[in-house]
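Shown next, in structure tokens, is the structure this report addresses.
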Amino acid sequence: MPKDIQPYTTEPHWKRTAYSVIFESDTPAGRAFDIALLVAIVLSVLSVMLESVRSIDAQYGYYLRIIEWGFTGLFALEYIARLVVVRRPLTYALSLLGIIDFLAIVPTLATLVLAGSRYLLVIRTLRLLRVFRIFKLGQFVGEGEFIVTALKASRFKILVFLTAVFTLIVVVGTLMYVVEGGKNGFTSIPKSVYWAVVTVTTVGYGDISPVTVLGQALASVLMIMGYAIIAVPTGIVSAQMATPRSPAAPAPLYKQVVCHVCQASDHRPDAEYCWRCGEKI
């Protein structure tokens, strides 16, 4: 039997135990590990945020950087441990969670060659998404899947809508470039298109504004259109979400087990095999 598909029970006991603690949260040890990891993530991000405050950095910057390197070392050890206990390290490393875990380490190491990159450590907050699995908030996962499904079902309508908006912005931006010209701040078509984007989204920074009567009239029409344009994608997605769900379709419950081969989670309570790779769980 090939090594990569041998039963998981052939792995050493320490490796199976470590896998259960690191990747699963249905045991006291695994739950404690994940909660400790979440606390460490929050504290590490908080230290980086405090370091960006000049008064705090001037007084405690040295200690905050020591804390930052300490958390980075901790996360690096955790990442290595994950690679060691999984059956297929490359599969985990290339998975979404694996990439996020790796990126949580990179910014601090990058400060050795690129100053200021440590502030990118806020990407560690993405690891807090594990809170839904740790605290068994399966109903929230189910509702999240419902929203994603609605967005996928509406993607072609939204694409057509965005194409029409993009065309409108380019046309109006070009017209404003012709009408106003460089003397009124519309020095190029890209800059005029930028003004059109700011106007149609009702942001209105005010750094560029038309001066001529014709330009102001065109801007007024675009502003009014902006309110209607904003409402369209909301209506598309809302209509899709309003489609009645199948009766008796409650939010799914999930088994708090992570596949040791492909790291897939969210298995059904009665599942004996992984829904992604078919390995026994």
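For this structure, a couple of remarks:
- Exactly one residue among Glu68, Glu78 is more than 21 Å from Ala18 (Cα to Cα), of a type outside the set (Gly, Ala, Ser) and open to solvent by less than 30 Å² (accessible area, probe 1.4 Å), and that residue is Glu68.
- Scanning segment 154-177 for residues that are open to solvent by 50 Å² or more (accessible area, probe 1.4 Å), farther than 12 Å from Leu218 by Cα and of a type in the set (A, V, I, L, M, F, W, C) turns up Phe156, Leu159, Val160, Leu162, Ala164, Phe166, Val170.
- Flag if Val198 is touching a helix residue (DSSP H, G or I) at 6+ places or on another chain (Cβ under 7 Å), open to solvent by less than 80 Å² (accessible area, probe 1.4 Å) and in a helix (DSSP H, G or I): no
- Residue match in segment 183-191 (condition: surrounded by 18 or more Cβ atoms within 10 Å (Cβ to Cβ), over 24 Å from the mean Cα position of the chain (by Cα) and either at pLDDT below 90 or in a helix (DSSP H, G or I) (or both)): no
- Any pair with Cβ under 6 angstrom, 6 or more apart, that starts in segment 218-229 at a residue that is in contact (Cβ under 8 Å) with a residue 60 or more places away in the chain and ends at one that is of a type in the set (S, T, N, Q) and open to solvent by less than 60 Å² (accessible area, probe 1.4 Å): none
- Residues in segment 15-71 that are farther than 30 Å from Arg87 by Cα and without any contact (Cβ under 8 Å) to a residue 12 or more places away in the chain: 13 in all.
- Among the residues of this structure, Tyr63 does not count as one that is aromatic (Phe, Trp, Tyr) and within 28 Å of Cys277 (Cα to Cα).
- Members of segment 201-213 that are of a type outside the set (Val, Ile, Thr) and open to solvent by 40 Å² or more (accessible area, probe 1.4 Å): Gly204, Tyr205, Gly206, Asp207, Ser209
- Of the residues examined, Val237 is one that is farther than 30 Å from Leu83 by Cα, touching a Leu at 6+ places or on another chain (Cβ under 7 Å), modelled with pLDDT under 90 and open to solvent by less than 60 Å² (accessible area, probe 1.4 Å).
- Qualifying residue in segment 49-69 (condition: of a type outside the set (Ser, Thr, Tyr), modelled with pLDDT under 85 and under 18 Å from Cys262 (Cα atoms)): no
The values are calculated or read from the model by the stated rules, or taken from the named source; none is laboratory data. It should be emphasised that the depicted structure is a prediction, and the values quoted were computed from it without experimental measurement. For neighbour counting, all protein chains shown are included, and Cβ atoms are generated from backbone atoms with ideal geometry for every residue, glycine included. We work out accessible area using only protein heavy atoms, side chains counted, and drop any ligands, DNA or RNA first. Shrake-Rupley method; radii C 1.70, N 1.55, O 1.52, S 1.80 Å.
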